[in-house]
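The values are calculated or read from the model by the stated rules, or taken from the named source; none is laboratory data. No experiment lies behind these values; they were computed from the predicted model shown. Here Cβ is always computed from backbone atoms with ideal geometry, including for glycine, and neighbour counts include all displayed protein chains.
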Amino acid sequence: MNPFEYREGVLYCEDVELLKVAEQAGTPCYVYSSAAVLERYRTYDEGLAGAPHRVHYAVKANGNLALLRLLAQAGAGFDIVSGGELYRVLQAGGKPGDVVFSGVGKTRDEIEYALNEGIHSFNCESEAEIGLISALAVRLGKTAAVALRVNPDVDPATHPYISTGLKENKFGIDIAEVEDVYQRAASLPGVRLTGVSCHIGSQLLDAAPLVEAARKLLALVDRLRGRGIAITELDLGGGLGVPYEPGNARPDVAAFLSGIKDLVAGKDLFLMFEPGRSIVAEAGALLARVLYRKRNGDKEFIIVDASMTDLIRPALYEAHHQILPLRQSKFGSVTADIVGPVCESGDFLAENREVANVLPGDMVAAMTAGAYGFVMASNYNARPRPCEVLVDGAEWHVVRRRESLADLVRGEE
Ligand code: LLP
């Protein structure tokens with residue numbers, strides 16, 4: 001489903017008219033569709049039916065508590081990369097036993113916090129990290145389940161900033177060396193080597209590299225079992241992409257999962273995935289108000305009240321987000337840069353884009369902004385972060401209020 005659609009020229013999210021949300025909640029404002037989030041989650045969960053599995057939603061994509069609660073209630077587990085994300089999951093009612101802890105630089109405090117809460121497992125990225133987890137677990141009288149994050153040296157063919165599975169990336173342990181690391185770690189106290197994991201990159205529109213990585217990991221599982229290391233879990237990470245531009249291809253999640261199920265059939269492995277973007281990106285939009293129009297030389301600018309501080313993806317990755325008017329324009333279209341108020345030339349939501357010919361006071365939406373949107377927002381230029389709204393059918397609620405000026409200086413002396 002696409003939760004965003006025009007009805008008689010005005011944009012809706014499910015059964016909520018977005019102009020009303022923009023007027024009542026103010027702008028900039030993130031809006032998420034709960035139905036779309038749940039539908040995407042179920043595509044994974046149902047796609048894996050018949051195979052023992054758990055879908056660990058990657059909290060980093062969007063950590064809003066209401067959204068996490070929705071997913072926890074639907075049965076999702078969570079993939080976290082910090083103590084802060086663990087805190088969010090627990091606040092939202094997620095079960096610690098359904099949490100996997102990924103990330104290349106876990107601190108002592110974060111590991112202790114996770115051990116004390118009793119998370120499911122750690123995805124470890126270096127031998128030194130396993131050593132620290134072992135020592136801390138022994139001290140706390142616990143046993144930590146550990147998977148090693150393997151770098152399978154597969155090219156995900158995505159943007160270099162979000163590609164992680166190549167040898168030259170900082171992530172994971174080289175597949176050529178990882179067997180020896182398992183062997184040495186097997187004798188450590190306080191850890192149980194239960195899994196093999198990988199995550200090769202994000203925004204993959206073609207699932208083939210993920211399948212290639214899965215094959216390499218399955219062969220590794222066989223070799224490890226041959227050495228007497230009883231691997232029971234396979235975590236294939238996240239990474240499937242979404243079409244940001246209308247008309248772009250969309251990976252077929254169900255077909256991909258069915259292929260993976262075939263690959264692991266009879267292998268006696270518990271399957272895990274860590275999708276983030278493909279669950280929440282298309283469920284969200286960022287609403288903004290047009291402040292001014294201006295022309296510099298040959299260039300037309302539409303200045304809006306949302307900026308790179310609210311949605312940094314265009315500035316950071318030259319990412320494409322479709323810009324739609326909340327009310328379809330009677331005045332045709334215009335080619336313009338849609339820019340924010342921040343003092344940086346990189347502060348744009350779209351460049352040289354043909355968009356509706358919107359005028360000051362009109363509202364627009366940056367689409368496909370549910371993933372890596374609010375979570376990457378900042379207070380640069382002392383801009384309060386936007387509010388977040390969750391839609392459910394014809395109802396909507398502010399699930400995080402807009403930051404106030406007082407919020408901006410909290411904690412300072
Ligand atoms: N698991 C691990 C270990 C990860 O590092 C990531 C994302 C995921 C799962 C979820 O991947 P997804 O299913 O969302 O592709 N800020 C960038 C994306 C960075 C992704 C980082 N890792 C963006 O806005 O495109």
Next on the checklist: VAL211 - would you say it is crowded, with 18+ Cβ neighbours inside 10 Å and modelled with pLDDT of 95 or more?
Outcome noted: no
Next on the checklist: Within the range 92-113, take every residue that is in contact with a helix residue (DSSP H, G or I) (Cβ under 6 Å, 6 or more places away or on another chain) and assigned to a helix (DSSP H, G or I) and give me the one that is farthest from the ligand (Cβ to nearest atom).
Outcome noted: GLU112
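Conditions (1) of a type in the set (Asp, Glu); (2) surrounded by fewer than 15 Cβ atoms within 10 Å (Cβ to Cβ); (3) within 22 Å of ILE231 (Cα to Cα), marked per residue:
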residue: THR107; (1), (2), (3): no, yes, no
residue: TYR113; (1), (2), (3): no, no, no
residue: ASN116; (1), (2), (3): no, yes, no
residue: ILE119; (1), (2), (3): no, no, yes
residue: ASN123; (1), (2), (3): no, no, yes
residue: SER126; (1), (2), (3): no, no, yes
residue: LEU132; (1), (2), (3): no, no, yes
Checklist entry - Pairs, please: C-beta under 7 Å, at least 6 apart or cross-chain, first residue farther than 12 Å from ALA369 by Cα and in the range 269-289, second within 8 Å of the ligand (Cβ to nearest atom) and of a type in the set (Lys, Arg)? => result GLY276/LYS60
Checklist entry - Hey, does the range 56-73 have a residue that's surrounded by 17 or more Cβ atoms within 10 Å (Cβ to Cβ), farther than 30 Å from GLY266 by Cα and of a type in the set (D, E, K, R)? => result yes
Item to check | Cross-chain or 6+ apart pairs with Cβ under 8 Å, the range 200-215 first and under 15 Å from LYS261 (Cα atoms), then part of a strand (DSSP E or B) | outcome: ALA207/LEU240; LEU210/LEU204; LEU210/LEU240; ALA214/LEU234
Checklist entry - LEU205 passes all but one of (1) in contact with a helix residue (DSSP H, G or I) (Cβ under 8 Å, 6 or more places away or on another chain); (2) surrounded by fewer than 18 Cβ atoms within 10 Å (Cβ to Cβ); which number fails? => result (1)
Checklist outcome for this item: Of the residues in the range 237-271, those that are within 13 Å of the ligand (Cβ to nearest atom) and touching an Asp or Glu at 6+ places or on another chain (Cβ under 8 Å) come to GLY237, GLY238, VAL242, PRO251
Checklist outcome for this item: Residues of the range 133-152 being part of a loop (DSSP other than H, G, I, E, B) and either in contact with a Phe, Trp or Tyr (Cβ under 7 Å, 6 or more places away or on another chain) or without any contact (Cβ under 8 Å) to a residue 24 or more places away in the chain (or both), in sequence order, are GLY141
Item to check | Selected residue [on the phi > 0 side of the Ramachandran plot and at pLDDT 95 or above] from GLY172, GLY118, GLY84 | outcome: GLY118
Checklist outcome for this item: Selection from the range 252-280 of residues out of contact with any helix residue (DSSP H, G or I) (no Cβ under 8 Å at 6 or more places or on another chain), assigned to a loop (DSSP other than H, G, I, E, B) and within 28 Å of SER34 (Cβ to Cβ) yields ASP252, GLU274
Checklist entry - Quick one: is VAL81 assigned by TED's automatic domain parsing to the domain that holds ARG250 and touching a His at 6+ places or on another chain (Cβ under 7 Å)? => result no
Checklist entry - What do you reckon, is GLY370 surrounded by fewer than 19 Cβ atoms within 10 Å (Cβ to Cβ) and of a type in the set (Gly, Ala, Ser)? => result no
Checklist entry - Within the range 111-133, is there a residue that is of a type in the set (A, V, I, L, M), more than 30 Å from ARG400 (Cβ to Cβ), assigned by TED's automatic domain parsing to the domain that holds HIS56 and in contact with a Cys (Cβ under 8 Å, 6 or more places away or on another chain)? => result yes
Item to check | Verdict on ALA283 being touching a helix residue (DSSP H, G or I) at 6+ places or on another chain (Cβ under 6 Å) and closer than 27 Å to ASN352 by Cα | outcome: yes
Item to check | Verdict on LEU86 being surrounded by 22 or more Cβ atoms within 10 Å (Cβ to Cβ), without any contact (Cβ under 8 Å) to a residue 40 or more places away in the chain and within 16 Å of the ligand (Cβ to nearest atom) | outcome: yes
Next on the checklist: Against the conditions (1) free of Cβ contacts under 8 Å to residues at least 40 places away in the same chain; (2) touching a strand residue (DSSP E or B) at 6+ places or on another chain (Cβ under 7 Å), where does MET367 fall short? Just the number, please.
Outcome noted: (1)
Checklist entry - Under the condition of being within 16 Å of the ligand (Cβ to nearest atom) and without any contact (Cβ under 8 Å) to a residue 60 or more places away in the chain, which residue from the range 313-364 is farthest from ALA281 (Cα to Cα)? => result GLY346
Checklist entry - Before we move on, is ALA157 in the same structural domain as PHE256 (by TED's automatic domain parsing), under 18 Å from the mean Cα position of the chain (by Cα) and closer than 21 Å to PHE256 by Cα? => result no
Checklist outcome for this item: Counted residues in the range 26-83 being within 13 Å of the ligand (Cβ to nearest atom) and among the aromatic types (Phe, Trp, Tyr) come to 4
Checklist entry - Of the residues GLU233, GLU274, GLU300, GLU282, which is within 16 Å of the ligand (Cβ to nearest atom), more than 29 Å from SER126 (Cα to Cα) and of a type in the set (D, E, K, R)? => result GLU282
